[in-house]
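Shown next, in structure tokens, is the structure this report addresses.
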Amino acid sequence: MKSLIIDVRENGGGNLAIASDIIDELIPEGIIVYTKDKNGKKEYLYSKPNEIKVPLAVLVNENTASASEILTAAIQDSKKGTIIGTKTFGKGVVQIVEELSDGSGIKLTISEYFSPKGRKINKKGIEPDIKVELNEDIEGIGPEYINEDNQLQKAIEIVKSKEK
């Protein structure tokens, strides 16, 4: 592999454990993310020293949220890749669902996520390194729309410029 582009546009998040496993392969040893509860107690997730050594770009947009933002922030803070697109959604909270006796449930926010460098994600989002608004007249995004997807074209340009 000469380079890598990760497309998390339209990705609303997912499982933090899986996201942290992916991040662990991409960034150097250090903090992946940390949470802080209302009492100020912090919990950290760390990466091991086994990151890939290829040019990396991450495509983001206003629908990139939660675990996808954690991935984006970790890559940006570690300077392992270039973030391209538009500002992300800004969902950076840890929530649990408590089941009630009648079978319904209540969702509780128990802490917030912060980037490795301490940036708040919730209600702020992540600004890309290179802002590229998606052309309005395209039919879709991704490799099958390579001739129209100007954000993907920019990511390809960036990683190719950094290939050895």
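The values are calculated or read from the model by the stated rules, or taken from the named source; none is laboratory data. As the structure is a prediction and not an experimental result, all values here were calculated from the model. Heads up, the Cβs are rebuilt from the backbone with ideal geometry, glycines too, and the neighbour counts pull from every protein chain shown. Only protein heavy atoms, including side chains, enter the accessible area calculation; ligands, DNA and RNA are left aside. Shrake-Rupley method; radii C 1.70, N 1.55, O 1.52, S 1.80 Å.
How about region 105-123: which of its residues are part of a loop (DSSP other than H, G, I, E, B), without any contact (Cβ under 8 Å) to a residue 40 or more places away in the chain and in contact with an Asp or Glu (Cβ under 8 Å, 6 or more places away or on another chain)?
ASN122
Suppose we keep only residues that are under 25 Å from LYS91 (Cα atoms) and surrounded by fewer than 18 Cβ atoms within 10 Å (Cβ to Cβ) within region 137-160. Which one would you say is nearest to the chain's Cα centre (by Cα)?
Only one residue tops the list, namely GLY142.
How about region 1-57: which of its residues are touching a residue at least 24 places away in the same chain (Cβ under 8 Å) and polar (S, T, N, Q)?
Residues satisfying the conditions are SER3, ASN11, ASN15, SER20, THR35, SER47, ASN50.
State all residues of region 63-85 that are among the polar types (S, T, N, Q), open to solvent by less than 10 Å² (accessible area, probe 1.4 Å) and in contact with an Asp or Glu (Cβ under 9 Å, 6 or more places away or on another chain); if no residue qualifies, say none.
THR64
Search region 98-125 for residues being loosely packed, with under 10 Cβ neighbours inside 10 Å and touching a Gly at 6+ places or on another chain (Cβ under 8 Å), and hand back the single one that is farthest from ASP37 (Cα to Cα).
GLU99
Just checking, how many residues over region 53-82 are farther than 17 Å from VAL8 by Cβ and hydrophobic (A, V, I, L, M, F, W, C)?
Residues flagged as farther than 17 Å from VAL8 by Cβ and hydrophobic (A, V, I, L, M, F, W, C) within region 53-82 amount to 1.
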